[in-house]
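Trainee: The structure that follows is given in the form of structure tokens.
The values are calculated or read from the model by the stated rules, or taken from the named source; none is laboratory data. Quantities reported herein were computed from a predicted structural model and do not represent experimental measurements. A quick note on method: Cβ atoms are made from the backbone with ideal geometry, for glycine too, and the neighbour counts reach across all protein chains shown. Areas reflect the complete protein model, heavy atoms only, side chains present, ligands, DNA and RNA absent. Shrake-Rupley method; radii C 1.70, N 1.55, O 1.52, S 1.80 Å.
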Amino acid sequence: MPKYRFSDLVDIQQLQESMEYFHQATGLANAVLDAQGNILVAAGWTDICTKFHRGNPLTGSRCRESDAYIKSHLFEGEFAEYRCKNGLLDVAFPIIIEGEHAATFFFGQCFYEDDPPDPAWFRRQAAEAGFDEEKYLAALSRVAVIPRKRVNSIIAYYKSIARMLTDIGLTQKRQLQINRELEMYQDHLEELVRKRTVELEEQKEKAEAANRAKSIFLANMSHELRTPMNSILGFSQLLLRNSALPADQRRYLHTINRSGEHLLTLINEVLEMSKIEARQMSLNASAFDLHALLGEVMTMFASSADGKGLQLELIGIHEVPRYVVTDENKLRQVLINLLGNAVKFTDHGGIVLRVAMAPDPLSAHHDSQLKLCLEIEDTGVGIAADELDKMFQYFEQTESGRKRKNGTGLGLAISWNYVRLLGGDIMVSSAVGKGSVFRFVITIQEAAAEDIQALAPLRQVIGLAPGQAIPRVLVAEDMEDNRLLLVELLKSGGFDVREAVNGRQAVELFAQWRPHFIWMDIRMPEMDGLEATRRIKQSEAGQTTVVAALTAHALEEEKQQILAAGCDDFVRKPYQAEEIFQVMARLLKLRYRYADDLPAARARQSEADFSVDHYRALPFDLRRELHEAVLRLDTDRTRSLISEIAASDAATAATFADLADRLDYDRLLTLLESCPAGETS
């Protein structure tokens, strides 16, 4: 049988794009080299390698020597950490297919914080190789310097990627071998079918497993990207809760949040593709306001269109029913994808969204079903005729799309699948330099206003309502950033919070502290969240403790595993702060104070709840320090001391927190001085 190169077994272009997404999220350079040392994939390589080391006879020979050394010290299931002959750190993983070293997958071109680069050593190397020292050291300064702990935390994930690439390569190799055998025996087909029927069926299952492996690979990568996105979006939202934030800083935070939401959209597109390929996509039809949806998506692109001087127009909205039944989220996403492309590729003129009811020849037999036609026309760059047939394929982009260097090549493919699920089809006509028209027709049913389930608006929680015991909440999360985010969010709501860094510690803290509520991350070292939940729920006390899972995964099967382990609910990352509070309110029967409460009503409630006798019962030093902090207008110290009061007197703390949140320090000082710090009960 012939030998196959690794590039024959894996889609290198798709792998390149996937590694680029991962580099954008982590900052780590990635590469895949074949057995001969040829570079197949390179994402994020720094100038010091591409412009200096690899292109110089002396340092280039050191690169090849390092590649050979790494390959000779790699064994199946293991990894090698190695400082290359040119002074940079690499961590390499082997891809071994049927005993043969097919490729090497590694990340690196970095230094550890505790072992930084030696400038004198690199100056000598610059002199030996004849590099411009100033430019060479400037390139050196751009090399990532990272904590050793961070590298250790992601090695297991890189091992899983290497194993997955090995499985995909192995399955594809066997499939190629089968294809070759079929060609060799095609003249003896009847005999071959009798002998190979069972074997071919097994190989067919393995080929299907390869497709599933690819989908799982994409889903796992999406999981790893969604985890840091939870911190980016969560902390920006947490900071935006500060009403005293200056306008310019609030604007910067909104920019961070919008950019994070855009990146999350790209991540979700990759995940959605894996769901489509795994045939896990389903239709979730419900009644909704179609007119409101159309207005919402038009508003979404209004500022972008105005910024480019484009006219954005909606035609025919009064010709279609207002209330309809179909999958609202999928229809919204299709419109966003198509309108987004129209705005992106149009530099002058305008964009029109037309809606109308399409005639249905079968309507006489299906009176409840209607056909809704939607058409997006633009005056943009247009699409060449020879590119129209590949527009709806994954990772395919037209020439104009490649020139703009923006997007993943997934939006139209996902839109095509969504429209098919909505009972229709999508068509496109275009001319280069004149514009494009995307038209699709979907099946809907007409609904009535009373069929719409009104969603309660998300309100910003600023604390627990008075008259409630303060719940003890345990946060179990191994990622420090995500743990800090949730702990700070819960403290801002007035909860008593402790934290655990893994499942084993969560079980121990549960036994010692007996929390009322546990936020349990699923993927943690030593003991994962599912096992920790099982152990907690097996105890008598655990039966009354609420456990809600936190997961960056989004596959349906994990939802079933989470609930089967005993979790009472789950929230997917990245989450909105109000989602966290809503889940806890529902499961613990809590009441909150909200930022949009009327000031007058809140002030009256604060006065009604405040008790001078209760305040006098607090420790003298605590009252004195609070009085001094309020006099100095020290907001941080004031909030900290109020949190201490909450541990023993929730009602008094709620009154003080309400005034502090509204920066009503005059009223707060009046209440404090109604019982001077020196008085005792």
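Trainee: For the range 37-142, state which chymotrypsin sites (Phe, Trp or Tyr not before Pro) are in a DSSP loop and have at most 12 other beta carbons lying within 10 Å of their beta carbon.
Mentor: Those satisfying the criteria are 75.
Trainee: While we're looking at this one, here's another question. How high is the relative contact order of the range 490-562, in percent, counting Cα pairs under 8 Å that sit 6 or more residues apart?
Mentor: 30 percent
Trainee: Output ³J(HN,Hα) for the range 538-550: one whole-Hz value per residue in order, computed from phi by the Karplus curve 6.51 cos²θ - 1.76 cosθ + 1.60 with θ = phi - 60°, and x for Gly and Pro.
Mentor: With the stated coefficients, the range 538-550 comes to 6, 7, 5, 5, x, 5, 9, 8, 7, 10, 10, 8, 10 Hz.
Trainee: Which aspartates and glutamates, if any, have their Cα less than 15 Å from the Cα of residue 344, not counting same-chain residues under 8 positions apart?
Mentor: Qualifying aspartates and glutamates at Cα under 15 Å: 306, 377, 378, 399.
Trainee: Here is a follow-up. If I take R0 = 22 Å and measure r between the Cβ atoms of residue 356 and residue 450 in this structure, what FRET efficiency does the formula 1/(1 + (r/R0)^6) give, to the nearest 0.05?
Mentor: Once the sixth-power term is evaluated, E becomes 0.30.
Trainee: Given 0.36 nm per residue, what is the gain on full extension from residue 163 to residue 527 after removing their alpha carbon distance, in nm?
Mentor: The span from residue 163 to residue 527 would gain 128.8 nm if fully extended.
Trainee: Ok, one more. Taking the Cα centroid of the range 111-178 and of the range 609-673, what is the distance between the two, rounded to the nearest whole Å?
Mentor: Between the Cα centre of the range 111-178 and that of the range 609-673, the gap is 54 Å.
Trainee: Ordered by packing density, taken as the mean number of other Cβ atoms within 10 Å over each peptide's residues, highest first, how do 649-659, 54-64, 474-484 rank?
Mentor: 649-659, 474-484, 54-64
Trainee: Something else about it: Expressed in nm to one decimal, what extension gain is obtained for the pair residue 204 and residue 311 from 0.36 nm per residue of sequence separation less their Cα-Cα distance?
Mentor: 33.3 nm
Trainee: While we're here: Express in Å², to the nearest 10, the accessible area of residue 157 obtained by rolling a 1.4 Å probe over the protein heavy atoms while all chains stay in place.
Mentor: Only protein atoms counted, so the area is about 30 Å².
Trainee: Modelled label-to-label distance, residue 572 and residue 649, 7 Å Cα→beta-carbon offset: nm?
Mentor: About 4.6 nm, to one decimal.
Trainee: A follow-up question, please. Under the 0.36 nm per residue contour assumption, what length would be gained going from the current alpha-carbon distance of residue 152 and residue 621 to full extension?
Mentor: 164.2 nm
Trainee: If you take the beta carbon distance between residue 191 and residue 639 as r and set R0 to 51 Å, what does 1/(1 + (r/R0)^6) give as a FRET efficiency, to the nearest 0.05?
Mentor: 0.05
Trainee: Measuring from label point to label point, each 7 Å out along Cα→Cβ, what is the residue 513 to residue 249 span in nm?
Mentor: 2.9 nm
Trainee: Further question: Determine how large the accessible area of residue 612 is when every protein chain is in place; take a 1.4 Å probe and give Å² rounded to the nearest 10.
Mentor: 50 Å²
Trainee: Within 10 Å of each candidate Cβ there may be at most 11 other Cβ atoms; applying that plus a DSSP loop requirement, which GluC sites (Glu not before Pro) in the range 523-573 survive?
Mentor: Sparse-neighbourhood loop GluC sites (Glu not before Pro): 540.
Trainee: Under a 5 Å amide H to amide H cut-off, with H placed in plane at 1.01 Å, what residues pair with residue 356 once short-range neighbours are removed?
Mentor: For residue 356, the qualifying residues are 373.
Trainee: Roughly how many nanometres apart are two label points built 7 Å out from the Cα toward the Cβ at residue 632 and residue 118?
Mentor: About 4.9 nm separates the two model spin labels.
Trainee: Next up: Heavy-atom accessible area of residue 159 with all protein chains present, probe 1.4 Å, nearest 10 Å²?
Mentor: Approximately 60 Å² for this residue.
Trainee: For residue 579 and residue 431, what is the calculated FRET efficiency with R₀ set at 41 Å and r taken between the beta-carbons, to the nearest 0.05?
Mentor: Taking R0 as 41 Å, the efficiency between residue 579 and residue 431 is 0.35.
Trainee: What pairs in 330/559; 206/573; 51/85; 3/204 have C-alpha atoms more than 24 Å from each other?
Mentor: 206/573
Trainee: Taking a spot 7 Å from the Cα of residue 292 along the direction of its beta carbon, which residues of the range 309-331 have an amide N less than 12 Å from it?
Mentor: Of the residues in the range 309-331, 323-324 have backbone N under 12 Å from the label point off residue 292.
Trainee: Would you please classify the overall shape of the range 1-60 from the alpha carbon gyration tensor, given that a ≥ b ≥ c denote the square roots of the eigenvalues, rounded means a/c under 1.5, and beyond that prolate means a/b larger than b/c while oblate covers the rest?
Mentor: Because a/c hits 1.5 or more and a/b fails to exceed b/c, the range 1-60 counts as oblate.
Trainee: Find the accessible area per residue for the range 59-157; the probe is 1.4 Å, ligands and nucleic acids are left out, and the unit is Å².
Mentor: The answer is 50 Å² per residue.
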